[in-house]
């Protein structure tokens, strides 16, 4: 594309670095910004600079937080002996939204992926092992995705936690509520039969 | 959505002001930015602030430009007596990409749209009328969209230019090259018959 201004070209290039944003969408964003008040645009650009420069992570669980200890870890009503291991903060948000989990989290900041050059040392795994060997934890719930990378990470953490006296569990895999059996893939359907639950435990009301 | 940090919430809110971006996409953008170097993110946010504060418009055609007169208007090989009237800079880019047009442009900065509270005085129409009455122009080519708002704007400008001795034309409407007749809408097909061109003029090679 041939831009009549270097400033526009620069702004379009910056926007198109975002995931899933091409040059055309980026130009649409730029034209939108050009029509806004200068104060609005200053706030827009400033929000990201502020985010990157001021963002802090919880010292305990590595979740994003404005304070040294995040709200979940600081909450005395949460069970600190149960830790749910997740990939990033989106997973924390998703689980928090269910309002079913009363333990705390441990955010890895990614998963082991040799293809992308991400090894165990790039992730927050050591602090999890330390917590476990300090004897503070009863159970670690693995809530990673069921990709090759997720399984590798699961297995690596399982091996590292073996010495500590910690139960390692994974979230249940099965047929989604509302899904039809005939459209389910075999692996999921197979797992849902092997890992069946007692009928009285499956009721959401008790 | 329940964010663990005010900074993230703010950044998500800013991104979701962009056209077609919802909270989920905005969060994806924010997580992407969080993983970048601080210098990268400063450049990202700064590009938009710089764009809004430093952007200038061509004094002649209102196209976006880094200099007081844009490249098209400053080019002595372009025919300044033919003016193509367009809605915004995207249209200029689209026409420039065809490499078929040797005249200059006039960017309105929008179209008349009473529903959105945009009247003729909000657009760059006066300067076009002045150029026409100064006798500098032979032809004005209207290249606005064929919506109700586009037609209204066409008609308003046509009326304003009537006193000056200027030919007002519109770009040709017809069946797109490569399209099949049976799928064309009636209005377009009807217009393409009424406004038919001589066969020898329709050849792209001459």
Scanning segment A:55-93 residue by residue, those surrounded by 18 or more Cβ atoms within 10 Å (Cβ to Cβ), more than 13 Å from chain B (Cβ to nearest Cβ) and either free of Cβ contacts under 8 Å to residues at least 12 places away in the same chain or within 12 Å of the chain's Cα centre (by Cα) (or both) turn out to be A:84, A:85
Which of (1) surrounded by fewer than 18 Cβ atoms within 10 Å (Cβ to Cβ); (2) modelled with pLDDT of 90 or more; (3) farther than 22 Å from residue B:127 by Cα; (4) more than 9 Å from chain A (Cβ to nearest Cβ) is the odd one out, the single condition residue B:99 does not satisfy?
(2)
Among (1) at the interface with chain B (Cβ under 7 Å from one of its Cβ atoms); (2) surrounded by fewer than 19 Cβ atoms within 10 Å (Cβ to Cβ); (3) over 16 Å from residue B:21 (Cβ atoms); (4) out of contact with any strand residue (DSSP E or B) (no Cβ under 9 Å at 6 or more places or on another chain), the one test that residue A:52 misses:
(2)
Residue A:22 meets each of (1) under 30 Å from residue A:131 (Cβ atoms); (2) free of Cβ contacts under 8 Å to residues at least 12 places away in the same chain; (3) more than 11 Å from chain B (Cβ to nearest Cβ); (4) more than 20 Å from the chain's Cα centre (by Cα) with one exception, condition (1)
Within segment A:143-154, is there a residue that is in contact with a helix residue (DSSP H, G or I) (Cβ under 6 Å, 6 or more places away or on another chain) and at pLDDT 90 or above?
yes
From the list A:141, A:137, A:157, which residue is part of a loop (DSSP other than H, G, I, E, B), surrounded by 14 or more Cβ atoms within 10 Å (Cβ to Cβ) and under 22 Å from the mean Cα position of the chain (by Cα)?
A:137
Do we find that residue B:29 is at the interface with chain A (Cβ under 8 Å from one of its Cβ atoms), modelled with pLDDT of 90 or more and within 25 Å of the chain's Cα centre (by Cα) in this structure?
no
For segment B:1-19, give me the residue count where each residue is more than 8 Å from chain A (Cβ to nearest Cβ) and not in a helix (DSSP H, G or I).
1
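The values are calculated or read from the model by the stated rules, or taken from the named source; none is laboratory data. Nothing here was measured: the structure is a model prediction, and the numbers come from that model. Cβ atoms come from the backbone with ideal geometry, glycine included; neighbour counts cover every protein chain shown.
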